[in-house]
């Protein structure tokens with residue numbers, strides 16, 4: 001075992017967990033999950049069967065990741081954020097075969113208490129503000145806030161808001177990378 005699991009954590013058989021991953025207090029990793037290298041799974045986290053997390057994924061306290069969710073490398077999931085997995089849940093109707101898939105692309109961050117309605121993918125390096133409710137697909141590098149979530153800007157790989165000049169170019173103050181805005185899409189230059 002090249003990962004750490006706190007004595008109160010439950011790791012079911014059939015999981016694949018990468019080197020250097022840490023699983024903290026009262027968390028439950030269910031069967032057939034894949035957790036990449038160097039992940040950090042906070043306290044009171046549930047990862048449902050079949051979930052895939054890339055490497056260096058940070059899951060903060062009190063997060064449930066339901067079947068159908070894939071998080072690519074370097075994703076941040078803030079405290080108590082929520083993924084839904086069925087569009088029209090009813091207690092009396094079993095919809096286990098209807099779980100919608102949601103992919104969170106490389107480097108995206110989802111803030112505390114945000115809700116991601118299932119079936120809405122989150123683009124690379126997107127930034128979802130705390131408390132936001134995501135009801136549609138999110139573009140790469142987009143900054144989304146509110147309920148329902150609305151795009152109010154663009155973010156760099158380092159998590160800084162981008163300010164575009166008259167040539168539709170912006171430089172990240174920390175990473176010094178340049179970005180270009182074309183056709184309502186952002187890409188690194």
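The values are calculated or read from the model by the stated rules, or taken from the named source; none is laboratory data. Predicted model only: the values in this text are computed from it and were never measured. Reconstructed Cβ throughout: ideal geometry from the backbone, glycine too, with neighbour counts over all protein chains shown.
Residues to consider are 186, 157, 145; find the one that is within 18 Å of residue 120 (Cβ to Cβ), in contact (Cβ under 8 Å) with a residue 12 or more places away in the chain and buried (at least 17 other Cβ atoms within 10 Å of the Cβ).
On the way: 186 fails: within 18 Å of residue 120 (Cβ to Cβ); 157 fails: within 18 Å of residue 120 (Cβ to Cβ).
Going through 186, 157, 145 in turn, just one is within 18 Å of residue 120 (Cβ to Cβ), in contact (Cβ under 8 Å) with a residue 12 or more places away in the chain and buried (at least 17 other Cβ atoms within 10 Å of the Cβ): 145.
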Problem - Test result for residue 48, out of contact with any helix residue (DSSP H, G or I) (no Cβ under 6 Å at 6 or more places or on another chain), surrounded by fewer than 20 Cβ atoms within 10 Å (Cβ to Cβ) and closer than 23 Å to residue 86 by Cα - result: no
Completion exercise
Exactly one of 153, 159 is farther than 22 Å from residue 68 by Cα and either part of a loop (DSSP other than H, G, I, E, B) or touching a helix residue (DSSP H, G or I) at 6+ places or on another chain (Cβ under 7 Å) (or both), and that residue is 159
Exercise for the section: Spot the failing condition for residue 90; the list is (1) within 19 Å of residue 117 (Cβ to Cβ); (2) under 18 Å from the mean Cα position of the chain (by Cα), and only one is missed. Expected result: (2)
Problem - Residue within segment 23-37 that is closer than 20 Å to residue 137 by Cα and surrounded by fewer than 19 Cβ atoms within 10 Å (Cβ to Cβ) present - result: no
Exercise for the section: State the number of residues belonging to segment 129-150 that are under 21 Å from residue 87 (Cβ atoms) and touching a strand residue (DSSP E or B) at 6+ places or on another chain (Cβ under 6 Å). Expected result: 8
Completion exercise
Given the conditions (1) over 18 Å from residue 84 (Cα atoms); (2) surrounded by 20 or more Cβ atoms within 10 Å (Cβ to Cβ), every one holds for residue 10 apart from (2)
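Do the conditions hold for residue 180, that is, is it within 21 Å of the chain's Cα centre (by Cα) and either modelled with pLDDT of 95 or more or in a loop (DSSP other than H, G, I, E, B) (or both)? Write out each step before concluding.
Numbers: within 21 Å of the chain's Cα centre (by Cα): no; either modelled with pLDDT of 95 or more or in a loop (DSSP other than H, G, I, E, B) (or both): yes.
No: the conditions fail for residue 180.
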Handout entry: Hits in segment 64-92 - residues which are assigned to a strand (DSSP E or B) and either surrounded by 20 or more Cβ atoms within 10 Å (Cβ to Cβ) or modelled with pLDDT under 95 (or both)
Key = 65, 69, 71, 76, 77, 83, 90
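Please determine, by comparing only the residues of segment 93-104 that are in a loop (DSSP other than H, G, I, E, B) and at pLDDT below 95, which one is surrounded by the fewest Cβ atoms within 10 Å (Cβ to Cβ).
Residues of segment 93-104 in a loop (DSSP other than H, G, I, E, B): 94-95, 99-101.
Next cut, at pLDDT below 95 only: 94-95, 99-100.
On the way: 94: 8, 95: 13, 99: 19, 100: 17.
Step by step, filter segment 93-104, then rank; the result is 94.
Would you confirm whether or not segment 100-109 contains a residue that is over 19 Å from residue 132 (Cβ atoms), free of Cβ contacts under 8 Å to residues at least 60 places away in the same chain and in contact with a strand residue (DSSP E or B) (Cβ under 8 Å, 6 or more places away or on another chain)?
yes
Applying the selection to segment 104-119, what residues are over 8 Å from the mean Cα position of the chain (by Cα) and within 13 Å of residue 140 (Cα to Cα)? Give the derivation first.
Initial filter on segment 104-119 (over 8 Å from the mean Cα position of the chain (by Cα)): 106-107, 111-119.
Within segment 104-119, 106, 107 qualify.
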